[in-house]
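Undergrad: Provided herewith is a single structure, encoded as structure tokens, for subsequent inquiry.
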Amino acid sequence: MRTILLTGAEWTAVLRIGLGLWWLESWRHKDRKGWLERGTGITWAAGVAAEHRWQAVRTGFDKVVAPRPRVMAYLVVHAELALGLGLVSGFLTPVALIGGLLLNLLYLVLMIHDWAEQGQNAMMALISLVALFAMSWQVWSLDDVIGLF
């Protein structure tokens, strides 16, 4: 494939690294003390879920998240950090891409009414798919260095 400056594989690695930086920025600007100590993130999400137009979202939130808000807060905060680090370093890249895609799809469904949030999550999901199917771990990754995947 002919491209400018980099090979096709290198451009998909750029996408992967950029997506990882996006996840790290999401983690960096999150009020972790609020999320982890005061439960603000899950409380906010509970309000969004309670007013959601789809009954399945309300029911799913009530059954999965509401009974364990502290665990879910830790899961969200640390998942964003792990996804960012995994994608930037290229370690367990397919796992990180699939995990990020699933997390973006969850965010997309939860925030169905918020167009700004929809655009961000749709774009991140699209980049995840492209990076996954283009096997973006082939260059500039720990996966390539140690022979994973």
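Undergrad: May I ask you to compute the full-extension gain from residue 98 to residue 149, defined as 0.36 nm times their residue separation minus their alpha-carbon distance, rounded to one decimal in nm?
TA: Residue separation times 0.36 nm, minus the Cα-Cα distance, leaves 17.0 nm.
Undergrad: Would you calculate, for the chain, the mean residue ellipticity at 222 nm contributed by helices, counting each DSSP H stretch of 4 or more residues as -39,500 (n - 2.57) and dividing by all residues, to the nearest 500?
TA: The per-residue figure over the chain is -22500 deg cm²/dmol.
Undergrad: Compare the peptides 18-31, 72-85 by average per-residue count of other Cβ atoms within 10 angstrom and give them in order, highest first.
TA: So the order, starting with the most tightly packed, is 72-85, 18-31.
Undergrad: Sorted by accessible area (1.4 Å probe), largest first, how do 43, 7, 12 line up?
TA: Descending accessible area places them as 43, 7, 12.
Undergrad: Quick check: net charge around residue 46, other residues with Cβ under 15 Å of its Cβ, Lys/Arg +1 and Asp/Glu -1?
TA: Value of the local net charge: +3.
Undergrad: Calculate what fraction, in whole %, of the accessible area of segment 40-136 sits on carbon and sulfur atoms when a 1.4 Å probe is rolled over the protein chains.
TA: 75 percent
Undergrad: Per residue, how large is the accessible surface of the chain? Use a 1.4 angstrom probe and give square angstrom.
TA: That works out to 59 Å² for each residue.
Undergrad: Under the definition of Cα pairs under 8 Å and six or more residues apart, what whole-number percent is the relative contact order of segment 33-149?
TA: 23 percent
The values are calculated or read from the model by the stated rules, or taken from the named source; none is laboratory data. Here the structure is a predicted model, which means the values were calculated and not measured. So basically every Cβ, Gly included, is an ideal-geometry build from the backbone, and we count neighbours across all protein chains shown. Calculation scope for accessible area: heavy atoms of the full protein, side chains included, ligands and nucleic acids excluded. Shrake-Rupley method; radii C 1.70, N 1.55, O 1.52, S 1.80 Å.
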